[in-house]
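*Asks:* If you scroll down you'll find the structure; I have some questions about it.
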Amino acid sequence: MIPTLVFILGLIFGSFMNVLIARLPDGVSIVTPSSSCPACASKIRFYDNIPLLSFILLRGKCRNCGEKISLKYPLVEFVTAFLFLSVYIKIGFSLILIKYLVFVFLLLTAAFTDLFTAFDEKYECGIIPDEISIGGIGAGLILSFFFNPGIINSVIGAAAGFLILWVPSFVYYILTKKEGMGGGDLKLFAMIGAFLGFKPLFFILFFSSLAGVIVGLPFIVWKKSRNFPIPFGPFISLATIFYIFYGNRIIDIYLNKMYL
Ligand SMILES: [Zn+2]
């Protein structure tokens, strides 16, 4: 019963996330107007706006004009619901579940917005909206009054998160006179520090860079251009989610190997 409810909650939040992803990069109100078809601008009725279900019932087409509905929408809804359920299975039904659901929601919103705007010609590069990153720093600090890592660790984590990326991006800029990382990445990392404290930051930086290099290298080689803007935000979010589920176990194994 509870797992089903958590999954449905994830679908609802995933649907809301689609609104944030579509509107925050343009600075448009997320409350009004209600959603409409991007092709024909007809209003989407409430019964055509049920997460996942409506997409399946409408066979992925707008009821009014028949234009294909982007697969992005059900994908975002499903991934959010799947992760909400996974976090519930990992943490169980306790108050701290609230903190981790909020955290995962912010990480996914940042990742998807960065990814979709990076591949949208409307935008010059990927965008991580301040409402998510800076708003997320605020949420992380407030939640740390009640939960781990505690408010002091949270403040230190936010500052460390910003600095840990600012230092390499500043060095990169000095050496190449090019912006290597967007300011959005720095603020996203500060948000992660606010939620988790500073200790996991090196783990997350390591695995996000590793994933970024593995995925990015073929692009760089094939395109023969380093100007291809690969967004870093999705890798940061992915590495953080990886940490939430497997971080402690991997760090344990690593430390055991070192001190055997
Ligand atoms: Zn339409």
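*Asks:* Let me confirm something: among Gly136, Gly126, which residue is assigned to a helix (DSSP H, G or I), among the small types (Gly, Ala, Ser) and closer than 21 Å to Arg23 by Cα?
*Replies:* On the way: Gly126 fails: assigned to a helix (DSSP H, G or I).
Of Gly136, Gly126, the one residue that is assigned to a helix (DSSP H, G or I), among the small types (Gly, Ala, Ser) and closer than 21 Å to Arg23 by Cα is Gly136.
*Asks:* Ok, one more. Filter segment 1-40 down to the residues that are within 16 Å of the ligand (Cβ to nearest atom) and open to solvent by 70 Å² or more (accessible area, probe 1.4 Å) and list them by number.
*Replies:* Scanning segment 1-40 gives Pro33, Pro38.
*Asks:* Continuing with this model, one more query. For Phe119, indicate whether it is within 30 Å of Pro229 (Cα to Cα) and open to solvent by 20 Å² or more (accessible area, probe 1.4 Å). Reasoning before the result, please.
*Replies:* Working: within 30 Å of Pro229 (Cα to Cα): yes; open to solvent by 20 Å² or more (accessible area, probe 1.4 Å): yes.
When the stated conditions are applied, Phe119 passes them.
*Asks:* Let me ask something else about it. Does Phe112 fit the bill of being more than 16 Å from Phe147 (Cβ to Cβ) and either without any contact (Cβ under 8 Å) to a residue 40 or more places away in the chain or not acidic (Asp, Glu) (or both)? Reasoning before the result, please.
*Replies:* Details: more than 16 Å from Phe147 (Cβ to Cβ): yes; either without any contact (Cβ under 8 Å) to a residue 40 or more places away in the chain or not acidic (Asp, Glu) (or both): yes.
Answer is yes for this residue.
*Asks:* So which residues in segment 41-50 are in a loop (DSSP other than H, G, I, E, B), surrounded by 12 or more Cβ atoms within 10 Å (Cβ to Cβ) and within 11 Å of the ligand (Cβ to nearest atom), if there are any at all?
*Replies:* Ser42, Ile44
*Asks:* I'd like to check something: does segment 90-102 contain any residue that is in a helix (DSSP H, G or I), surrounded by 15 or more Cβ atoms within 10 Å (Cβ to Cβ), out of contact with any Phe, Trp or Tyr (no Cβ under 8 Å at 6 or more places or on another chain) and free of Cβ contacts under 8 Å to residues at least 40 places away in the same chain?
*Replies:* Checked segment 90-102: no residue is in a helix (DSSP H, G or I), surrounded by 15 or more Cβ atoms within 10 Å (Cβ to Cβ), out of contact with any Phe, Trp or Tyr (no Cβ under 8 Å at 6 or more places or on another chain) and free of Cβ contacts under 8 Å to residues at least 40 places away in the same chain.
*Asks:* Residue pairs, Cβ under 9 Å, 6 or more apart or interchain, first in segment 51-76 and open to solvent by less than 50 Å² (accessible area, probe 1.4 Å), second among the acidic types (Asp, Glu) and within 13 Å of the ligand (Cβ to nearest atom). List them.
*Replies:* Ser54/Asp48; Leu58/Asp48; Cys62/Asp48
*Asks:* Tell me which residues, restricted to segment 154-169, are under 7 Å from Gly193 (Cβ atoms), open to solvent by less than 20 Å² (accessible area, probe 1.4 Å) and among the aliphatic types (A, V, I, L, M).
*Replies:* Listed by number, the list holds a single entry, Ala158.
*Asks:* Next up: Residue check: is Thr113 under 16 Å from Pro25 (Cβ atoms), open to solvent by less than 20 Å² (accessible area, probe 1.4 Å), in contact with a Phe, Trp or Tyr (Cβ under 8 Å, 6 or more places away or on another chain) and not aromatic (Phe, Trp, Tyr)? Reasoning before the result, please.
*Replies:* Values: under 16 Å from Pro25 (Cβ atoms): yes; open to solvent by less than 20 Å² (accessible area, probe 1.4 Å): yes; in contact with a Phe, Trp or Tyr (Cβ under 8 Å, 6 or more places away or on another chain): no; not aromatic (Phe, Trp, Tyr): yes.
In short, no.
*Asks:* So for segment 216-234 (the condition being within 18 Å of Ile127 (Cβ to Cβ), touching a Phe, Trp or Tyr at 6+ places or on another chain (Cβ under 8 Å) and of a type in the set (Phe, Trp, Tyr)), does at least one residue qualify?
*Replies:* Yes, there is a match, as at least one residue in segment 216-234 is within 18 Å of Ile127 (Cβ to Cβ), touching a Phe, Trp or Tyr at 6+ places or on another chain (Cβ under 8 Å) and of a type in the set (Phe, Trp, Tyr).
The values are calculated or read from the model by the stated rules, or taken from the named source; none is laboratory data. Worth saying up front: this structure is predicted, and the values here are computed from it rather than measured. Note that we place each Cβ from the backbone using ideal geometry, even for glycine, and neighbour counts take in every protein chain shown. To get the accessible areas, we keep the full protein, side chains included, count just its heavy atoms, and leave off ligands, DNA and RNA. Shrake-Rupley method; radii C 1.70, N 1.55, O 1.52, S 1.80 Å.
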